[in-house]
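S.K.: Sharing a structure, written as structure tokens. Questions coming.
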Amino acid sequence: MVDNRAQRHELTKQRIIDAAWQLSRDRGLTGWSLRDLGAKVGMRAPSLYVYFPGKDALYDEMFAQGNRALLAAWAEELASDAPAGQRLRSGAHKFFDFAVADPARLQLMFLRVIPSFEPSSASMALAGRVLDAVTAALAEVGPADQHVVDLWTAVITGLAVQQVSNDPGGRRWADLVDTAIDRLLASAG
């Protein structure tokens, strides 16, 4: 037998998360209050505490949701037996496209724009799964010490941030992904 109350609770929780994403896209991650969110979903702000103990808990669920979406976008690369360089190139493009598709999600996942927010260990574990796959693929093409992994994440994320910040909707930094991958792989090999 299906527990209708639990199902309604989860549906309402998802409605709240969806509304928080929309407000974040419209006003920025910190440009809205729980009162604004409550109004958007037809609730009073105190009622939101039934679903999330505070705004940071809501941000944490959004962060986790973003990382689950990134994992889904990377699923093909994670399961592929293609050569590491090909997986890294394809994965870099998928990451770049994922990141620039939603600037609010990019900010929440990869920039610390909310001073009070620190992702939970469970949410960070999701983020770590993609990083582990990148690290393993980098290790296949050469030594993948922490400096190589850090350089990889800085370059690919940096290209996405530049694209969103300086040429939204354009191709200026998107067209540099292959060049960056070629140079990173050459230095890693």
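S.K.: Can you compute the charge dipole magnitude of the stretch 1-52 about its Cα centre, using +1 on each Lys and Arg Cβ and -1 on each Asp and Glu Cβ, nothing else charged? Give it in debye, rounded to the nearest 20.
M.R.: About 120 debye.
S.K.: Sticking with this one: Give me the one-decimal nm value for the distance between modelled label points at Q22 and A6, 7 Å along each residue's Cα-to-Cβ direction.
M.R.: In this crude spin-label approximation the distance works out to 2.8 nm.
S.K.: How big is the charge dipole of the chain about its Cα centre, in debye rounded to the nearest 20, if each Lys and Arg gets +1 on its Cβ and each Asp and Glu gets -1 on its Cβ?
M.R.: 840
S.K.: I would also like to ask the following. Run the simple label-point estimate for K13 and R112 please: 7 Å along Cα→C-beta, distance reported in nm.
M.R.: Those two pseudo-labels are separated by 2.8 nm.
S.K.: What FRET efficiency, computed as 1/(1 + (r/R0)^6) with R0 = 25 Å and r the Cβ-Cβ distance, is obtained for S165 and E76, rounded to the nearest 0.05?
M.R.: 0.30
S.K.: Now a separate question. Name the residue from L88, G54, L184 whose Cα lies farthest towards the positive end of the charge dipole of the chain, charges +1 on Cβ of Lys and Arg and -1 on Cβ of Asp and Glu.
M.R.: In the chain, that residue is G54.
S.K.: Here's something else I'd like to know. Which of the peptides 6-12, 85-91 is most tightly packed, and how do the rest follow, judged by the mean count of other Cβ atoms within 10 Å per residue?
M.R.: By packing density, highest mean first, the sequence is 85-91, 6-12.
Read the figures in this text as sums done on the coordinates, not as results from a lab. Computed from a predicted structure; not experimentally measured. Please note: Cβ atoms are built from the backbone with ideal geometry, for glycine as well, and neighbour counts cover all protein chains shown.
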